[in-house]
Amino acid sequence: MWFLRRMLRIPWTAKKTNERALNEANKRRSLVTTIRKRQATFLGHVMRRGKLQHLVTTGKVEGKRSRGRQREKIMDGLATWLGPGKVSDILAAVKDRDLWRDMIANAYKQGT
């Protein structure tokens, strides 16, 4: 944000919010969507290989769960980001590389 404020020549004494500075520059926050896109491409890579990382990301590792609230799994976060669908639908789509790339591109364009 400081870089954007510098480009727009907004002094630090001005009482402008970050949202207002983003509106003036016609920009949106994109960090979360960039993170989700990279997670999705990594997930596609891991799922096509089918080794230990595949077991870890799908949550099929044996053993006891830790106490307390469970952490959000990567698959659950990507399922909500990629749109309506189940985790099993996503795992099936990963096998087709072109379909997977289209799903990621559509979700990235929507910016959700």
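Here the peptides 32-44, 11-23, 88-100 are ranked by packing, the mean other Cβ count within 10 Å, and the order with the highest first is 32-44, 88-100, 11-23. Each of Leu31, Leu4 was scored by other Cβ atoms within 10 Å of its Cβ. Arranged with the fewest first, they read Leu31, Leu4. With all pairs of separate Cα atoms included, the chain yields a Kirkwood hydrodynamic radius of 16.7 Å. A straight Cα-to-Cα reach below 17 Å connects Lys64 with the lysines Lys73, residues fewer than 8 places away in its own chain not being considered.
The angle between the Cα long axis of helix 97-110 and the main principal axis of the chain comes to about 30°, on a 0 to 90 degree scale.
Bear in mind that the values in this text are calculations on the coordinates, not laboratory data. Because the structure is a prediction, the values reported are computed rather than measured. Backbone-built Cβ (ideal geometry, glycine too); neighbour counts: all protein chains shown.
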